[in-house]
Amino acid sequence: MKNKQEKSVVVLAGAEMFDYLKEKVGERKTRTEAYSDLLDKSLTGFVSPFLKKQEYELQPYQCHVTISDLATEWHWHRATVRSFLETLETFGQLKRTKLVKSIVITMNVQSDRHPETTVVRQEPDFAMQLQEALSDWVVGKTTSDEAGKICGQVVRQAIAGITESDSRHYPDSHIDAVSVHAGKQEKDIRNIALGCVAQAGKFKVD
């Protein structure tokens, strides 16, 4: 065990995230344990034994699993697993790539090996800021107008941060590359924001 090579990562998670992960009576594995299990699987590039014949090239911090496998391993209902993964994605902790009978999960972590990876570093923090603002709206602490102003400010700050970062990392001779790269990331930011708003709206209705 002492010779095992470990990867150093930083996970972006606020207090609200860990409130959600608190143990709930009736579940064999706690949410914290399930979350930790997903981290372990993504760091080792875990592939479900039932998917060995299915070709899918995993990227760093990805694992390839099925809902049934996780439900069996965690002793949860499949619907609970789906809801758990959906909520973690809303919190910006992971991304799901849905295949026909399986899911590729990408955990959003920071690695000391990739300090310049802007997307990995910014998206979870950005989504968390939106989630915090929207959670106050869901529970009635803020009005729709107030939540909209806060979310708009968060989006504008994220876009401004991308523009500033690209300007530092691309030379002047590659101004077109800066524009294309910034445009793609701005689109990603807006899509994340729309997803968070849609999810919060669902909780508000429920």
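The values are calculated or read from the model by the stated rules, or taken from the named source; none is laboratory data. Please read all numbers here as calculations on a predicted model, not as lab measurements. Ideal geometry is used to build each Cβ from the backbone, glycine not excepted, and the neighbour counts take in all protein chains shown. To get the accessible areas, we keep the full protein, side chains included, count just its heavy atoms, and leave off ligands, DNA and RNA. Shrake-Rupley method; radii C 1.70, N 1.55, O 1.52, S 1.80 Å.
Here are some notes:
- Computed on protein heavy atoms with a 1.4 Å probe, the accessible areas place Lys184, Lys41 in the order Lys184, Lys41, largest first.
- Of the residues Tyr35, Tyr56, Tyr20, ranked by 1.4 Å probe accessible area with the largest first, the sequence reads Tyr56, Tyr20, Tyr35.
- Converting phi to 3J(HN,Hα) with the Karplus coefficients 6.51, -1.76 and 1.60 and the offset θ = phi - 60°, the stretch 128-144 yields 5, 4, 5, 4, 5, 5, 6, 5, 5, 5, 4, 8, x, 6, 10, 7, 4 Hz in sequence order, with x at every glycine or proline.
- Burial ranking of peptide ranges 63-74, 187-198 (average Cβ count within 10 Å, highest at the top): 63-74, 187-198
- Remark: the Ile159-Arg78 segment gains 25.4 nm on full extension, using 0.36 nm per residue and subtracting the alpha carbon distance.
- Inter-part distance, the stretch 125-139 to the stretch 65-81, computed on C-alpha centroids, equals 27 Å.
- When Ser83, Ser42 are compared by accessible area of protein heavy atoms, the largest-first order is Ser83, Ser42, using a 1.4 Å probe.
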